[in-house]
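First comes the structure, then the notes that go with it.
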Amino acid sequence: MDFTLTARQKELQQRTRAFIAEKIIPFERDKRNTAHGPTEDLRAEVVALAREAGLLTPHASPEMGGLGLSHVDKAVVFEEAGYSTLGPTAMNIHAPDEGNIHLMEMVATHEQKERWLRPQVEGRTRSCFNMTEPAPGAGADPSMMVTTAVKDGNDYVINGTKWFITGAEGAAYGIVMAKMEDGAATMFLTDMNRPGIEVVRNMDAMDSCFTGGHGVVKFTNLRVPASDVLGEIGKGFKYAQVRLAPARLTHCMRWLGQARRAHDIATEYARTRQAFGRALGKHEGVGFMLADNDMDMHTARLHIWHTAWLLDQGERCNFESSRAKVICSEAEWRVVDRCVQILGGQGVTGETIVMRIFTDMRAFRIYDGPSEVHRWSMSRKILDAAPQH
């Protein structure tokens, strides 16, 4: 693996960095940033800026209007976008849309792409991914899914409740995972304004960076035409892996940008703030935290780049993406936690963006698989691969 950035990657890195600093960071204190994410009009405003800068939905294929970024390209660009809490929203690479766009490009029919994907790539619409359920349904274990899809003529009738559905409120379309009568899972596409869909409420959450928040969605006799099945019947779990492995990694990329932002703020504070006769950073207790931050960020970046490189080679990377997700979510969290400590009172108030990064990032160790589930999955693979003596 060559760690040298290509000329194109360097240009994209610098262009994205300048765009985030000059155009997007000024919007971070806009009052349209709510407890349930940026409002739709704020999203539209920053999306328009990214469109003007030629940085909108860069991971989509050129055929769909994107830049066709490779996974390694995304590692470079998404980290820069993540430097602002609004950067991923502006560039249309936030969750769950980034993963849904990737899945739709891989699996959807031409008609489905034109109907749902193209407007999304153009930044005119959003989507949601309906898989997680309240007990006794699917949480970290998707095989426990209780939402059902029953064939009725040329339609499928879906019933069930989903929750923690990011972006459900205001989404134009959704991907719905449901279990067939034989127990196999299937993905369905649906406009979110169809009869039979109710966004019951938005859940109060620690994070506030996702447009539309995290919703509870109820499906009551939702009729979906057979033409709106995504991919093939019974292959829902297979397609979930197509989506989830790369999507786990893009979370790591974006949050690395957030960790770097917090570290830069804490470093400047440690350089200029005087305590006990010298700059705060000259004290070992603080200086060591800055060094630990650098090591954690570098470790995270190496895991991201390596896994991205493997994905570009055509590897599935289920094991490697789990490993990267655990290491990055925990390392990047440690970075931000140390930054709060270095900043002291400024770290636990809104005087800097670090407090918001802290509360936003905590959920990263839970969504897309808690650290414990990934460790368990990895251990099973390690044991299965061990030589038998």
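The values are calculated or read from the model by the stated rules, or taken from the named source; none is laboratory data. All of these numbers come straight from a predicted model, not from anything done at the bench. Reconstructed Cβ throughout: ideal geometry from the backbone, glycine too, with neighbour counts over all protein chains shown. Just so you know, the surface numbers come from the protein's heavy atoms only, side chains and all, with ligands and any DNA or RNA stripped out. Shrake-Rupley method; radii C 1.70, N 1.55, O 1.52, S 1.80 Å.
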*What number of residues within region 352-381 satisfy the criterion of being of a type in the set (Asp, Glu) and open to solvent by 20 Å² or more (accessible area, probe 1.4 Å)?*
2
*Selected residue (only one of 323, 243 is touching a strand residue (DSSP E or B) at 6+ places or on another chain (Cβ under 8 Å), within 26 Å of residue 381 (Cβ to Cβ), part of a helix (DSSP H, G or I) and of a type outside the set (Gly, Ala, Ser))*: 243
*Candidates 216, 242 - the one that is open to solvent by less than 20 Å² (accessible area, probe 1.4 Å), hydrophobic (A, V, I, L, M, F, W, C) and out of contact with any Asp or Glu (no Cβ under 6 Å at 6 or more places or on another chain)*: 216
*modelled with pLDDT of 95 or more, over 27 Å from residue 365 (Cα atoms) and small (Gly, Ala, Ser), is that true of residue 183?*
no
*Find all pairs meeting these conditions: Cβ atoms under 8 angstrom apart; at least six residues apart or on different chains; first residue within region 110-122 and aromatic (Phe, Trp, Tyr); second residue surrounded by fewer than 17 Cβ atoms within 10 Å (Cβ to Cβ).*
116/172
*Cβ-Cβ below 7 Å, separation at least six or inter-chain, first residue in region 158-185 and more than 14 Å from residue 138 (Cβ to Cβ) and open to solvent by less than 10 Å² (accessible area, probe 1.4 Å), second aliphatic (A, V, I, L, M) and in a loop (DSSP other than H, G, I, E, B): which pairs?*
173/192; 174/192
*Does residue 229 satisfy the condition of being open to solvent by 10 Å² or more (accessible area, probe 1.4 Å) and of a type in the set (A, V, I, L, M)?*
yes
*Being free of Cβ contacts under 8 Å to residues at least 24 places away in the same chain, under 19 Å from residue 78 (Cβ atoms) and open to solvent by 50 Å² or more (accessible area, probe 1.4 Å) is the filter here, so list the residues in region 290-312 that pass it.*
298, 302
_Residues located in region 136-172, provided they are of a type in the set (Asp, Glu) and within 17 Å of residue 216 (Cα to Cα)_ = 169
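Table: residues versus (1) in contact with a helix residue (DSSP H, G or I) (Cβ under 7 Å, 6 or more places away or on another chain); (2) over 30 Å from residue 294 (Cβ atoms); (3) open to solvent by 30 Å² or more (accessible area, probe 1.4 Å); (4) not basic (Lys, Arg).
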| residue | (1), (2), (3), (4) |
| --- | --- |
| 200 | no, yes, yes, yes |
| 206 | yes, no, yes, yes |
| 235 | no, yes, yes, no |
| 238 | no, yes, yes, no |
| 255 | yes, no, no, yes |
*Within region 73-91, which residues are closer than 23 Å to residue 305 by Cβ and either touching an Asp or Glu at 6+ places or on another chain (Cβ under 7 Å) or of a type in the set (S, T, N, Q) (or both)?*
84
*For region 91-117, enumerate the residues that are assigned to a loop (DSSP other than H, G, I, E, B), of a type in the set (A, V, I, L, M, F, W, C) and within 21 Å of residue 241 (Cβ to Cβ).*
93, 95, 108
*Scan 323, 334 and give me the residue that is surrounded by fewer than 21 Cβ atoms within 10 Å (Cβ to Cβ), under 18 Å from the mean Cα position of the chain (by Cα) and of a type in the set (Lys, Arg).*
323
